[in-house]
1. Could you count how many residues in segment 23-38 are at pLDDT 85 or above, surrounded by 18 or more Cβ atoms within 10 Å (Cβ to Cβ) and small (Gly, Ala, Ser)?
2. Which one is nearest to residue 8 (Cα to Cα) among residues in segment 39-61 that are loosely packed, with under 13 Cβ neighbours inside 10 Å and touching a residue at least 24 places away in the same chain (Cβ under 8 Å)?
3. Condition first: over 19 Å from residue 24 (Cβ atoms) and at pLDDT 85 or above. Now tell me which residues in segment 52-92 satisfy that.
Amino acid sequence: MTDYLIKEIGQEVFCLLMEPGVFSLEDFKKAFADVAHKHDIWHHKEKEQYNYFFRQAMKEVKRLIKNKGNAKKIRAPVLNPSRLQYNRNLDF
């Protein structure tokens, strides 16, 4: 279950970050927070769990970035566009 969740979170964060093509650590943190909250992972409830998923999602995103063809294979996440104001280029 955990491996599947890590992969799913990583793919959703990857989709959010690859739309503009260039992103910072702050962009990653914001995208991860949106996706993690969707999966009921909260920093203020379980800090260790949140940090674990953060690290694992970053590894997954780095893996996906290395393989350029992944951007076309991964479905876009289902998130509320109003929560993604930091990235004005996202079209849902």
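The values are calculated or read from the model by the stated rules, or taken from the named source; none is laboratory data. Source: prediction; values computed, not measured. Neighbour counts are summed over all protein chains in view; Cβ atoms, including those assigned to glycine, are modelled from backbone coordinates with ideal geometry.
1. Number of matching residues: 1.
2. Top of the filtered list is 39.
3. Once the filter is applied, which keeps residues that are over 19 Å from residue 24 (Cβ atoms) and at pLDDT 85 or above, segment 52-92 yields 52, 53, 56.
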